[in-house]
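Notes follow once the structure below has been shown.
The values are calculated or read from the model by the stated rules, or taken from the named source; none is laboratory data. Note that the coordinates shown come from a computational prediction; the quantities given were computed from them, not determined experimentally. For accessibility, only protein heavy atoms count, side chains too; no ligands or nucleic acids. Shrake-Rupley method; radii C 1.70, N 1.55, O 1.52, S 1.80 Å.
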Amino acid sequence: MAKTGTTTQGLRAAIERSGYYPALVAEAVEAAVGGEQISSYLVHQETTFDANEVRRHVTVLVLTGNRFIVSHTDEQTADSSSPTPYATTSTESVKLDRISSVVVSRVVANPESYTPGTLPREVVLTIGWGAVSRLDLEPAACGDPNCEADHGYTGNSTADDLSLRVSEAGDGPDTVRQTLVFAQALSEATAATGTAR
């Protein structure tokens with residue numbers, strides 16, 4: 001379930017509604033936010049199935065006037081390093097002027113009859129700030145089918161620090177709407193930061 005809003009109390013309430021270790025998640029996020037005013041936030045819980053186990057993951061995205069904060073919390077089963085189940089939570093704080101891309105991919109049904117304002121059935125929000133890049137390489141070739149020369153490699157480098165997928169079927173229409181609202185707020189904030197340089 002994703003929630004978006006603009007207050008510290010609203011953020012805490014959204015984390016509590018997610019039901020996913022709310023005290024742990026809220027403490028980590030609030031420590032990262034500090035005393036800054038929250039412009040927008042998104043709380044998204046995802047459940048995955050790993051072999052015979054059900055694993056939960058929550059992502060919290062927070063936008064302040066100066067920073068983008070991302071928090072991930074995962075639960076782990078008991079293993080050789082811990083005799084009891086445990087959770088891992090991490091936060092990353094990124095200055096808005098470091099965000100290089102905000103990509104919103106929308107999947108719509110029946111595009112020939114699309115009406116503006118209709119919610120997509122799926123949204124993928126991808127945010128890049130240079131911490132993680134993906135490099136896709138392939139052998140380069142020339143147009144000569146008989147050429148045996150080594151032309152090196154060609155490829156693409158893609159910033160892919162965070163990718164969050166929500167769907168109407170899996171998460172509900174409110175989650176899709178809220179993801180779009182957060183993406184727009186983040187895009188506007190990064191555009192404003194870019195013009196202020």
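Below are the figures for this structure:
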{"quantity": "Phi to ³J(HN,Hα) by Karplus 6.51 cos²θ - 1.76 cosθ + 1.60 over segment 27-42, Hz, x for Gly, Pro", "calculated": "4, 5, 5, 5, 5, 5, 5, x, x, 5, 7, 8, 8, 6, 8, 9"}
{"quantity": "Hz values of 3J(HN,Hα) by residue in segment 164-175 - Karplus curve (6.51, -1.76, 1.60), Gly and Pro given as x", "calculated": "10, 10, 10, 9, 4, 5, x, 10, x, x, 4, 5"}
{"quantity": "With every protein chain in place, segment 19-93: carbon and sulfur % of accessible area (1.4 Å)", "calculated": "50 percent"}
{"quantity": "HN-Hα J in Hz across segment 182-187 - Karplus 6.51, -1.76, 1.60, θ = phi - 60°, x for Gly and Pro", "calculated": "5, 4, 5, 4, 5, 4"}
{"quantity": "Taking N as its residue count, the alpha carbon Rg of segment 1-94 over 2.2 N^0.38 Å", "calculated": "1.12"}
{"quantity": "Accessible area of segment 19-102 divided out per residue, in Å², using a probe of 1.4 angstrom", "calculated": "51 Å²"}
{"quantity": "Amide H contacts of residue 108 (H built 1.01 Å from N, under 5 Å, at least 5 apart or other chain)", "calculated": "121"}
